[in-house]
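Okay, so here's the structure we're looking at.
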Amino acid sequence: METKKTSLYQLHQDCNAKFVEFAGYQMPIQYSEGIVEEHKFTRNHSGIFDVSHMGQLFIYGGDELIKDLEKIFPLDLNNLKINHSKYSFLMDKDAGIQDDLIITKINEGFLIILNAACKDNDFKILKELLNEKYKMVLDENRSLIAIQGPKSSEILNDVIDGVKDLNFMSGNWFLFDNQKVYITRSGYTGEDGFEISIPNNFAEKLTRELINKGSKLAGLGARDTLRLEAGLCLYGHDLDKDKTPVEANLKWAISKERISKGDFIGSDIIIKQLNDGVSKIRVGIKPEGRIIAREKTKIFNQSDVHIGEITSGTFGPSVNGPVAMGYVENEFSKKNTKVFLEVRGKKYAANICSLPFYKKSYVKGVN
Amino acid sequence: MSDVKYSKEHEWIKLEGDVATIGITKHATEMLGDIVFAELPEKGSNVEKDGTAGVVESTKAASDVYTPVSGEVVDTNQEIVDDPSKINQDPENSAWFFKLKIKDKSEMDSLMNKDDYDKFAKENNT
């Protein structure tokens with residue numbers, strides 16, 4: 001299958017992007033300034049990320065759709081306000097995570113942002129679960145542009161007036177060049193920022209305007225170091241079908257109201273794990289010194305017993321040191337527990353730590 | 001600068017008497033991106049031609065550093081371990097990796113000169 005290109009492909013090329021294939025797309029991993037600079041510029045100013053490879057699934061419907069989606073997602077969608085977003089997951093019956101996602105209630109129904117590698121499968125699963133009762137569009141005609149970092153609100157508001165008044169995890173329709181764009185205040189970097197769903201033909205124009213206002217393109221490399229410093233999970237690495245939201249330490253994202261009713265896919269296992277505990281759990285891990293422990297690195301306790309594995313690890317430019325997360329046996333998950341990481345045959349000391357590694361500066365409420 | 005030679009693994013080697021100074025090329029650093037970790041061989045250890053003699057890591061991945069000649073490690077550059085970004089800044093000069101007491105100078109013969117290496121690097125730009 002030929003790799004797909006996003007609407008910003010030409011712009012990426014013009015900006016000397018290095019490309020990698022990711023989930024069937026040619027995506028920029030970095031531009032000429034490099035991952036560390038792009039990372040720092042996003043933290044200190046504003047970075048633009050092309051995330052058009054992600055799925056934008058529109059499901060159209062009313063009250064019945066809400067009821068049907070509540071059978072799937074562990075969310076209180078009935079009480080979710082219009083234009084408000086929630087982080088959630090698509091689980092199988094054993095509560096294994098098939099994808100993690102952001103779902104936003106819009107006037108017409110719901111908009112769900114899905115991982116690129118999962119989106120086609122998610123679409124199939126959801127279509128079956130919803131018995132083909134609703135119009136569902138996995139919209140290939142729209143791009144998704146994220147602008148992240150402390151200056152992003154000012155920059156984007158200069159181009160699209162009114163976005164600065166959005167609250168964190170909420171959105172609305174705006175106009176850009178007479179095109180309807182849906183903008184949410186959200187992101188994946190631990191910074192204040194926005195994600196903009198825009199018709200493909202206008203994505204490059206918008207991005208160039210944002211660059212002219214002082215934002216800079218940043219690639220998937222910086223996106224990865226930023227999200228890891230922020231303690232956010234990457235599907236296929238920190239989350240997969242063999243892990244549940246409770247094991248992934250994401251129980252905050254499960255509605256308490258819904259747990260008491262227990263009528264969603266995977267709820268039996270979720271409730272059991274919440275009551276009885278889990279044997280493994282996701283934690284932050286800070287290596288001592290400079291050693292970088294990458295995905296699949298084995299974790300040992302002080303008695304040299306294998307107790308877990310790293311699922312993401314890199315160098316955090318803002319932390320100025322190595323950062324990692326992984327799963328360990330529950331009894332070793334307490335903060336400050338000393339563990340050892342096996343890198344190239346040698347064991348290096350590390351400590352279990354709380355997440356995020358880098359303190360976020362989300363805008364909670366501006367109104 | 002005719003005494004500097006280059007390997008296909010993108011190391012440079014400068015011979016002064018029987019001591020060889022070894023580092024990685026500018027081309028290598030450009031391919032790797034921002035280097036954030038460096039590990040060097042132990043002083044006093046012996047390394048064999050084309051064997052692993054260190055590691056560099058970028059934010060993306062780890063890569064082995066090979067030695068283009070055999071010998072005993074007589075010095076290592078702690079500065080690049082403490083601040084690996086120096087490797088990106090000055091790879092073919094102050095950011096050398098290690099010095100070897102070279103065992104067999106004839107091992108230098110199979111290495112490339114600057115022109116050949118530049119051509120090689122251009123053709124292997126991956």
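What dipole magnitude, in Debye to the nearest 20, does chain A give about its Cα centre under +1 on Lys/Arg Cβ and -1 on Asp/Glu Cβ?
Working: 50 positive and 50 negative charges, 193 e Å.
The dipole of chain A has a size of about 920 debye.
What shape does region A:56-138 have by the C-alpha gyration tensor, where a ≥ b ≥ c are the square roots of the eigenvalues, rounded means a/c under 1.5, and otherwise prolate means a/b greater than b/c and oblate the rest?
Details: a/c = 1.36, a/b = 1.27, b/c = 1.07.
Judged from the Cα gyration tensor, region A:56-138 comes out rounded (a/c under 1.5).
What residue among A:Gly149, A:Asn115, A:Phe176 has its Cα farthest toward the positive end of the dipole of chain A, where the charges are +1 on Lys, Arg and -1 on Asp, Glu, each on the Cβ?
With unit charges placed on the Cβ atoms, the residue in question is A:Gly149.
Would you be so kind as to identify which of A:Val323, A:Leu228, A:Thr42 lies farthest towards the positive end of the dipole of chain A, taking Lys and Arg as +1 and Asp and Glu as -1 on Cβ and the Cα centre as origin?
Highest projection toward the positive end goes to A:Val323.
Once you place label points 7 Å from the Cα toward the Cβ at B:Lys114 and A:Asp268, how far apart are they in nm?
Each label point lies 7 Å from its Cα, and together they span 7.3 nm.
Compute the FRET efficiency between B:Ala62 and A:Ile211 as 1/(1 + (r/R0)^6), taking r as their Cβ-Cβ distance and R0 = 25 Å, and round to the nearest 0.05.
0.15
Counting only residues 5 or more places away or on other chains, whose amide H sits under 5 Å from the amide H of A:Tyr25 once H atoms are built in the peptide plane?
It is A:Lys4, by chain and number.
With loop defined by DSSP as not H, G, I, E or B, and exposure as at most 14 other Cβ atoms within 10 Å, which is the longest segment of chain A clear of exposed GluC sites (Glu not before Pro)? Walk me through the numbers on the way to the answer.
On the way: sites that count: A:Glu2, A:Glu108, A:Glu132, A:Glu140, A:Glu288.
The reported range is A:141-287.
Could you list the GluC sites (Glu not before Pro) in region B:19-126 that lie in coil according to DSSP, counting only those with at most 11 other Cβ atoms within 10 Å of their Cβ? Display every interim value, and only then the final one.
Details: sites: B:Glu30, B:Glu39, B:Glu42, B:Glu48, B:Glu57, B:Glu72, B:Glu79, B:Glu92, B:Glu107, B:Glu123; in loops: B:Glu42, B:Glu48, B:Glu92.
Within region B:19-126, the qualifying GluC sites (Glu not before Pro) (loop, at most 11 other Cβ atoms within 10 Å) are B:Glu42.
Between B:Lys49 and A:Lys338, take the C-beta separation as r, use R0 = 56 Å, and let me know the FRET efficiency to the nearest 0.05. Numbers along the way, then the final one.
Values: r = 40 Å, r/R0 = 0.71.
For R0 = 56 Å, the calculated efficiency reads 0.90.
On full extension of the chain, what length is gained from A:Asp120 through A:Asp158, given 0.36 nm per residue of separation minus the C-alpha to C-alpha distance?
Numbers: separation 38, 0.36 × 38 = 13.68 nm, distance 3.55 nm.
That pair, A:Asp120 and A:Asp158, stretches by 10.1 nm at full extension.
State the extension gain, in nm to one decimal, for the chain segment bounded by A:Asn178 and A:Asn79, taking 0.36 nm per residue of separation less the distance between their alpha-carbons. Could you put the intermediate results ahead of the total?
Details: separation 99, 0.36 × 99 = 35.64 nm, distance 3.20 nm.
Here the segment from A:Asn178 to A:Asn79 would lengthen by 32.4 nm.
Restricting to DSSP H runs of at least four residues, report the calculated mean residue ellipticity at 222 nm for the protein assembly as shown, -39500 (n - 2.57) per run over all residues, nearest 500 deg cm²/dmol. Provide the component values of the computation, followed by the final result.
Details: 13 runs with 109 residues, N = 493.
Theoretical 222 nm ellipticity from helices: -6000 deg cm²/dmol.
Can you work out the Karplus-derived ³J(HN,Hα) for every residue in region A:170-185? Use 6.51 cos²θ - 1.76 cosθ + 1.60 with θ = phi - 60°, whole Hz, and x for glycine or proline.
Result, ordered by residue: 9, x, 5, 7, 10, 10, 10, 6, 6, 9, 6, 10, 9, 10, 10, 8 Hz.
Where Lys and Arg each count +1 and Asp and Glu each count -1, what net charge lies around B:Asp18 among other residues with Cβ under 14 Å from its Cβ? Don't skip to the answer; put the middle values down first.
Numbers: positive: B:Lys14, B:Lys99, B:Lys101, B:Lys103, B:Lys105; negative: B:Asp3, B:Glu16, B:Glu72, B:Asp75, B:Asp104, B:Glu107.
That works out to -1.
Could you give the distance between the Cα centres of region B:105-126 and region A:182-234, to the whole Å?
41
For an R0 of 35 angstrom, estimate the FRET efficiency from the Cβ-Cβ distance between A:Ser303 and B:Glu42 and round to the nearest 0.05.
Details: r = 28 Å, r/R0 = 0.79.
That gives a FRET efficiency of 0.80.
Relative contact order for chain B: what is it in percent, counting Cα pairs under 8 Å that are at least 6 residues apart? If you can, show how the numbers build up before the last one.
Details: 268 pairs, mean separation 38.7, N = 126.
Relative contact order for chain B comes out at 31 percent.
Residue-wise, which Karplus ³J(HN,Hα) couplings in Hz belong to region A:297-304, taking 6.51 cos²θ - 1.76 cosθ + 1.60, θ = phi - 60°, and x for glycine or proline?
Per-residue couplings from phi come out as 4, 7, 10, 10, 8, 5, 9, 6 Hz.
Connecting C-alpha atoms closer than 10 Å in a GNM of chain A, tell me which of A:Gly308, A:Gly345, A:Gly62 has the biggest fluctuation.
Answer for the Gaussian network model of chain A: A:Gly345.
Amide H neighbours of A:Gly219 under 5 Å, counting only residues 5+ apart in sequence or on other chains, H built in-plane at 1.01 Å?
Answer set, sorted by chain and number: A:Tyr31.
Within chain A, what's the longest stretch lacking trypsin sites (Lys or Arg not before Pro) that sit in DSSP loops with no more than 10 other Cβ atoms inside 10 Å? Can you show the working numbers first?
Numbers: sites that count: A:Lys81, A:Lys93, A:Lys334, A:Lys335, A:Lys359, A:Lys364.
Excluding the exposed sites themselves, the longest stretch runs over A:94-333.
Given the protein assembly as shown, what percent of its DSSP beta bridges are antiparallel, to the nearest 5?
Values: 108 of 113 bridges.
Beta bridges within the protein assembly as shown, antiparallel portion: roughly 95 percent.
What is the dipole size for region A:184-223, taken about its Cα centre, with +1 at each Lys and Arg Cβ and -1 at each Asp and Glu Cβ, in debye to the nearest 20? Could the numbers behind the result be given before it?
Numbers: 6 positive and 5 negative charges, 24 e Å.
Computed about the Cα centre, the dipole is about 120 debye.
Specify which residue in the list A:Ile259, A:Ser197, A:Met136 is farthest towards the positive end of the charge dipole of the protein assembly as shown, using unit charges on the beta carbon of Lys, Arg (+1) and Asp, Glu (-1), about the Cα centre.
Working it through, the farthest residue towards the positive pole turns out to be A:Ile259.
Could you tell me the distance between the Cα centroids of region A:1-60 and region B:29-103, to the nearest Å?
Spelled out, the Cα-based centre of one part sits 32 Å from the other.
Fewest Cβ neighbours within 10 Å first, please rank B:Met31, A:Met91, A:Met1 accordingly.
Values: B:Met31 17, A:Met91 24, A:Met1 4.
Going from least to most buried by this count: A:Met1, B:Met31, A:Met91.
For chain A, list the DSSP H helices whose alpha carbon atoms reach 18 Å or more along the long axis and whose average Kyte-Doolittle value is 1.0 or above? Don't skip to the end; give the middle numbers.
Details: long enough: A:200-212 (19 Å, -0.76).
Span-like helices here: none at all.
Hey, what did region A:133-253 get for relative contact order, percent, Cα under 8 Å, at least 6 apart? Let's see the in-between values first.
Numbers: 150 pairs, mean separation 28.8, N = 121.
Relative contact order for region A:133-253 comes out at 24 percent.
Relative contact order (percent) for chain A, with alpha-carbon contacts under 8 angstrom and 6 or more residues of separation? Please list the in-between numbers first.
Numbers: 836 pairs, mean separation 66.4, N = 367.
This gives 18 percent for chain A.
Sticking with the crude label model, points 7 Å out along Cα→Cβ, report the distance from A:Ala349 to B:Lys26 in nm, one decimal please.
4.2
Please work out whether region A:251-353 counts as rounded, prolate or oblate from its C-alpha gyration tensor, where a ≥ b ≥ c are the square roots of the eigenvalues and a/c under 1.5 means rounded, while otherwise a/b larger than b/c means prolate and anything else oblate? Can you show the working numbers first?
Values: a/c = 2.88, a/b = 2.01, b/c = 1.43.
Prolate is the answer for region A:251-353, as a/c is 1.5 or above and a/b outweighs b/c.
Considering amide H positions built from the backbone, and no H for Pro or chain starts, which residues 5 or more places from A:Ser143, or on another chain, come under 5 Å of its amide H?
Here A:Ile198, A:Asn200 satisfy the definition.
When a/c is below 1.5 the answer is rounded, else prolate if a/b is larger than b/c, else oblate, so apply that to chain A with a ≥ b ≥ c taken from the square roots of the Cα gyration tensor eigenvalues.
Numbers: a/c = 1.78, a/b = 1.15, b/c = 1.55.
It comes out oblate by the Cα gyration axes.
At 7 Å along the Cα-to-beta-carbon direction for both A:Thr3 and A:Asp240, put a label point, then send me their distance in nm to one decimal.
Distance between the two pseudo-spin positions: 2.2 nm.
How do A:Ile147, A:Ile82 line up, fewest other C-beta atoms within 10 Å first? If you can, show how the numbers build up before the last one.
Values: A:Ile147 30, A:Ile82 11.
Ordered by Cβ neighbours within 10 Å, fewest first: A:Ile82, A:Ile147.
Here, each number is a calculation from the coordinates, and none is a lab measurement. All values derive from a computational prediction rather than experimental measurement. Because the Cβ atoms are built from the backbone with ideal geometry, glycine has one as well, and the counts that use them run over all protein chains shown.
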